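Enquirer: Next up is a structure, given as structure tokens.
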Amino acid sequence: MIVGAYKVFVAGNDVTNRWEPTLETVSVTRAAREASDTAEATLADPDGRTYMPQTGDPLVIHMGHEGQGVGQVFDGFVDEVRSTGGKGQGRKITLTAKSVDHKSKVKAGALRSAADTTFQEVATDWGGKAGLSVTVA
């Protein structure tokens, strides 16, 4: 019988063992073309003690099979953490993540103009303002 295996890293910390007792589901959806890959994990949290990542934390997920090892299937950022539950039901935590940080400076709109300068100078300057390192061939 094939048994699934996984490892989860949040902000560089291996949380696999901490999540193991309460993890209900983990899924990764690979997007086509230029769309962002997504990941989702659901954890039972009956006593309110499960580790909750922060929005924007880096998230890496590895999946595979016991005895065959695991490989990285997702590298992205926590997009949303939701906690739900009701009286006598316990709590559930649902974490969603995307491979592109849509809240970063890179995705923020900006209006700029430039004159009497090269494309390389403009790309390097504007990329730097968004936190990117730019190389123009």
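Enquirer: Any chance you could count how many residues in region 20-34 are out of contact with any Leu (no Cβ under 6 Å at 6 or more places or on another chain), open to solvent by less than 60 Å² (accessible area, probe 1.4 Å) and not polar (S, T, N, Q)?
Expert: Residues flagged as out of contact with any Leu (no Cβ under 6 Å at 6 or more places or on another chain), open to solvent by less than 60 Å² (accessible area, probe 1.4 Å) and not polar (S, T, N, Q) within region 20-34 amount to 3.
Enquirer: While we're on this one: Quick check on Thr124: is it outside any loop (DSSP other than H, G, I, E, B), closer than 30 Å to Tyr6 by Cβ and either modelled with pLDDT of 75 or more or over 27 Å from the mean Cα position of the chain (by Cα) (or both)?
Expert: No, not satisfied.
Enquirer: Which residues, taken from region 17-40, are under 15 Å from the mean Cα position of the chain (by Cα) and either β-branched (Val, Ile, Thr) or assigned to a helix (DSSP H, G or I) (or both)?
Expert: Hits for region 17-40 are Val26, Val28, Thr29, Thr38.
Enquirer: Let me ask another. Using the structure shown, decide if Thr42 is open to solvent by less than 80 Å² (accessible area, probe 1.4 Å), within 18 Å of Val10 (Cβ to Cβ) and modelled with pLDDT of 75 or more.
Expert: Yes: the conditions hold for Thr42.
Enquirer: Mind checking which residues of region 41-66 are in a strand (DSSP E or B) and of a type in the set (Val, Ile, Thr)?
Expert: Those that are in a strand (DSSP E or B) and of a type in the set (Val, Ile, Thr): Thr42, Val60, Ile61.
Enquirer: Consider only pairs whose beta carbons are under 9 Å apart and that are at least six residues apart or on different chains; among these, list those whose first residue lies in region 46-71 and is surrounded by 13 or more Cβ atoms within 10 Å (Cβ to Cβ) and whose second residue is among the hydroxyl-bearing types (Ser, Thr, Tyr) and in a strand (DSSP E or B).
Expert: Between residues of region 46-71 that are surrounded by 13 or more Cβ atoms within 10 Å (Cβ to Cβ) and residues that are among the hydroxyl-bearing types (Ser, Thr, Tyr) and in a strand (DSSP E or B), the close pairs are Met52/Ser83; Ile61/Tyr6; His62/Tyr6; Met63/Tyr6; Gly64/Tyr6; Val70/Tyr6.
Enquirer: Then there is this: Give me the pairs: first residue in region 126-137 and on the phi < 0 side of the Ramachandran plot, second residue surrounded by fewer than 10 Cβ atoms within 10 Å (Cβ to Cβ) and at pLDDT 75 or above, beta-carbon distance under 9 Å, and six or more apart or on different chains, which are they?
Expert: Gly127/Ser133; Val136/Phe119
Enquirer: Which number in (1) polar (S, T, N, Q); (2) open to solvent by 80 Å² or more (accessible area, probe 1.4 Å); (3) at pLDDT below 90; (4) assigned to a strand (DSSP E or B) marks the one condition that Ser113 misses?
Expert: So the condition that Ser113 fails would be (4).
The values are calculated or read from the model by the stated rules, or taken from the named source; none is laboratory data. In this text, all values refer to a predicted model and were calculated from it rather than measured experimentally. Glycine gets a Cβ as well: all are built from the backbone with ideal geometry, and neighbour counts include every protein chain shown. Calculation scope for accessible area: heavy atoms of the full protein, side chains included, ligands and nucleic acids excluded. Shrake-Rupley method; radii C 1.70, N 1.55, O 1.52, S 1.80 Å.
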